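The values are calculated or read from the model by the stated rules, or taken from the named source; none is laboratory data. Since the structure is predicted, the reported quantities are computational estimates derived from the model, not experimental observations. Heads up, the Cβs are rebuilt from the backbone with ideal geometry, glycines too, and the neighbour counts pull from every protein chain shown. Side chains are part of the model used for accessible areas, which takes the heavy atoms of the whole protein and leaves out ligands, DNA and RNA. Shrake-Rupley method; radii C 1.70, N 1.55, O 1.52, S 1.80 Å.
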Amino acid sequence: AAMRSVAGALAPKAAIVETLEALLVRNDFDCILLASPNYLHVDQLEQISAKAQVPILCEKPLYTTQEDAARVERLAKTHAAPVWVAMEYRYMPPVTAFIERVAHVTGGIRMMTIREHRFPFLPKIGNWNRFAKYSGGTLVEKCCHHFDLMRHVLGSDPVRVMASAGQDENHLNERYEGRVPDVWDNAYVVIDFANGARGMLDLCMFAEGGRYQEEILAVGPEGKLECFVPGPTRFWNRDLGPAPTPKLIESPRRPVGPRELNIPVDPMLLEAGDHNGSTYYQHIRFLEVVRGMGRVEVDLHDGAMAVMMGLAAQRSAATGQAVPIGQTF
């Protein structure tokens with residue numbers, strides 16, 4: 001109710017309905033943005049597709065269990081309208097700049113590292129994100145962003161995953177209907193890709209005290225490119241002065257000489273959301289798809305591969321074994 005009230009204030013002419021069923025009997029909408037809890041995505045995608053062949057922007061992760069993969073594959077074959085999966089980290093301005101420059105700076109990526117040191121999971125309605133049963137687990141819920149970014153930047157599919165992860169600090173003293181949260185709060189994940197490149201994720205969710213939340217690094221035979229992205233502006237300690245500006249550092253091998261480039265983000269976008277403007281830029285691109293003037297840049301296959309990588313990483317961490325990854329549909 002609180003979120004509905006805020007949305008109503010932002011868009012006072014919007015019609016408010018109580019259920020998805022009530023929405024789907026209408027015929028006056030052009031698309032659907034699906035931002036429900038993770039475990040509801042596949043059920044609701046099927047429900048929408050059965051009633052309305054309209055463009056869909058579905059929040060990540062696309063699904064939460066291996067059993068859902070076949071249902072998503074069927075959806076990809078039967079839903080005629082575009083479906084975009086909201087892997088919005090691609091659209092942070094500093095990350096977009098990183099993607100544009102990385103091949104030239106590195107001469108071809110051989111190693112890619114993503115380090116996210118951040119705050120714990122925020123409260124959600126009903127606390128669904130405190131339990132892997134509903135979220136899919138941390139390496140699916142949180143890290144599908146990172147795995148999608150690796151696959152996109154490297155231009156290759158994963159073949160093997162090795163991981164170590166656990167819950168060491170966060171939510172251990174919380175209780176919900178007598179249950180202790182079980183979501184992991186730190187991990188290392190190493191991924192081998194089909195083109196021979198290697199990727200590594202370094203995740204810590206009790207490390208919000210740093211200047212930057214995301215650090216992305218790619219290395220190749222000609223040089224190194226680093227990307228530094230601060231966390232949400234609202235969490236920055238204003239006593240320290242202005243929040244950090246995102247930046248890139250280009251480090252060629254010959255001639256040696258790092259070059260630092262600031263990649264500022266529109267302050268209005270920083271105030272409006274937590275992901276350095278990426279939500280806005282993603283929605284602009286999705287709007288172009290809805291209007292028939294753009295193409296889907298993150299499709300159901302991309303969303304499914306990101307989840308598959310997360311599930312494999314969780315299995316590896318749980319078993320202590322490397323886990324091979326095949327192709328999804």
Scanning segment 151-181 residue by residue, those free of Cβ contacts under 8 Å to residues at least 60 places away in the same chain and surrounded by 15 or more Cβ atoms within 10 Å (Cβ to Cβ) turn out to be Leu154, Ser156, Gln167, Asn170, His171, Pro181
Count, please, the residues in segment 1-37 that happen to be without any contact (Cβ under 8 Å) to a residue 40 or more places away in the chain, assigned to a loop (DSSP other than H, G, I, E, B) and of a type outside the set (Gly, Ala, Ser).
11
Give me a count of the residues in segment 1-39 that are basic (Lys, Arg) and within 22 Å of Ala86 (Cβ to Cβ).
1
Which members of segment 84-138 meet the condition of being β-branched (Val, Ile, Thr) and either assigned to a helix (DSSP H, G or I) or touching a helix residue (DSSP H, G or I) at 6+ places or on another chain (Cβ under 7 Å) (or both)?
Val85, Val95, Thr96, Ile99, Val102, Val105, Thr106, Ile109, Ile114, Ile125, Thr138
Are any of the residues in segment 255-277 open to solvent by less than 80 Å² (accessible area, probe 1.4 Å), under 30 Å from Ala132 (Cα atoms), among the hydrophobic types (A, V, I, L, M, F, W, C) and under 17 Å from the mean Cα position of the chain (by Cα)?
no
All positions within segment 105-140 that are under 14 Å from the mean Cα position of the chain (by Cα) and surrounded by 24 or more Cβ atoms within 10 Å (Cβ to Cβ)
Ile114, Gly136, Gly137, Thr138, Leu139, Val140
Could you check segment 40-79 and list, in sequence order, the residues that are of a type in the set (Val, Ile, Thr), over 20 Å from Arg26 (Cβ atoms) and either touching a strand residue (DSSP E or B) at 6+ places or on another chain (Cβ under 6 Å) or assigned to a helix (DSSP H, G or I) (or both)?
Val42, Val72, Thr78
List the strands (runs of 3 or more DSSP E) that sit entirely inside segment 212-325 and contain at least 1 residues that are closer than 28 Å to Pro61 by Cα.
214-220, 223-229, 247-252
Any pair with Cβ under 6 angstrom, 6 or more apart, that starts in segment 123-136 at a residue that is within 14 Å of Glu59 (Cβ to Cβ) and ends at one that is assigned to a helix (DSSP H, G or I) and acidic (Asp, Glu)
Ser135/Glu141
Residues of segment 208-224 being open to solvent by less than 30 Å² (accessible area, probe 1.4 Å) and either out of contact with any Gly (no Cβ under 9 Å at 6 or more places or on another chain) or of a type in the set (Phe, Trp, Tyr) (or both), in sequence order, are Ile216, Ala218
If I ask for residues that are charged (D, E, K, R) and at pLDDT 95 or above, which ones from segment 232-249 would you list?
Lys247
If a residue has to be open to solvent by 60 Å² or more (accessible area, probe 1.4 Å) and in contact with a helix residue (DSSP H, G or I) (Cβ under 9 Å, 6 or more places away or on another chain) to count, how many in segment 16-42 make the cut?
6
